[in-house]
């Protein structure tokens with residue numbers, strides 16, 4: 001069985017059905033649609049040192065007192081890049097597992113590039129970026145509809161969807177628009193049982209434990225998954 005873990009103080013797990021759960025009066029969901037059958041699985045998720053994590057924004061994150069890009073480098077191995085073009089080059093050369101970006105950078109990120117990266121498995125984390133704004137950036141209208149709530153800064157929105165398993169069936173799910181967002185009901189109706197969908201999504205205030213604690217939700221769910229391969233447009 002594929003296992004996944006999140007800080008229970010942050011999220012209640014919803015597997016297979018994609019049930020919404022509360023997180024500090026926000027909306028959040030984490031889940032896995034698991035194929036049935038004998039498949040090798042990893043017992044541990046990837047570590048921060050194994051991931052390509054980029055922070056795009058000013059040295060101090062907007063509204064997050066005491067949290068700087070240097071802190072992100074120490075705690076989650078995040079590289080700071082201040083130019084959007086350089087982030088795109090980084091993704092092409094190294095691959096990009098997680099992009100954390102400050103709201104001041106939102107208008108500078110190419111939606112075409114962001115959509116392509118999102119559909120490759122990159123996690124997008126917006127600091128003081130609403131779900132509506134993030135959903136529009138990555139062309140995930142389902143996530144964009146989470147944006148009805150308003151929050152005082154600091155707040156965070158993030159979403160990641162990763163598919164693994166039979167490449168032909170992954171392509172079928174893509175053709176049916178059943179991956180971004182994940183549609184596990186349609187997956188079952190199509191009789192596809194050899195594709196795993198991992199998804200973690202949240203929108204709400206930064207918890208008292210801090211942004212890094214919240215980001216553990218993403219890392220801890222990367223069981224049995226490979227790093228995102230370099231993006232060649």
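A compact table of results
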item: Candidate set: segment 179-199, residues that are touching a residue at least 12 places away in the same chain (Cβ under 8 Å) and assigned to a loop (DSSP other than H, G, I, E, B); chosen: the one farthest from residue 229 (Cα to Cα); result: 190
item: Residue match in segment 28-36 (condition: within 19 Å of residue 147 (Cα to Cα), in contact with a helix residue (DSSP H, G or I) (Cβ under 8 Å, 6 or more places away or on another chain) and modelled with pLDDT of 50 or more); result: yes
item: Residue 121 exposed (fewer than 15 other Cβ atoms within 10 Å of the Cβ) and assigned to a loop (DSSP other than H, G, I, E, B); result: no
item: From 147, 126, residue being at pLDDT below 95, within 30 Å of residue 65 (Cβ to Cβ) and crowded, with 16+ Cβ neighbours inside 10 Å; result: 147
item: Selected residue [surrounded by 16 or more Cβ atoms within 10 Å (Cβ to Cβ) and either over 19 Å from the mean Cα position of the chain (by Cα) or modelled with pLDDT of 85 or more (or both)] from 87, 6; result: 87
item: Selection from segment 168-194 of residues that are surrounded by fewer than 16 Cβ atoms within 10 Å (Cβ to Cβ) and in contact with a strand residue (DSSP E or B) (Cβ under 7 Å, 6 or more places away or on another chain); result: 194
item: Residues located in segment 61-82, provided they are surrounded by 14 or more Cβ atoms within 10 Å (Cβ to Cβ), more than 24 Å from residue 231 (Cβ to Cβ) and either out of contact with any helix residue (DSSP H, G or I) (no Cβ under 8 Å at 6 or more places or on another chain) or modelled with pLDDT under 80 (or both); result: 63, 68
item: Segment 127-178: number of residues that are closer than 22 Å to residue 58 by Cβ, more than 14 Å from the chain's Cα centre (by Cα) and in a strand (DSSP E or B); result: 1
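The values are calculated or read from the model by the stated rules, or taken from the named source; none is laboratory data. Since the model is a prediction, treat every value here as computed from it, not as a measurement. All Cβ positions, glycine included, derive from the backbone under ideal geometry; neighbour counts span all protein chains shown.
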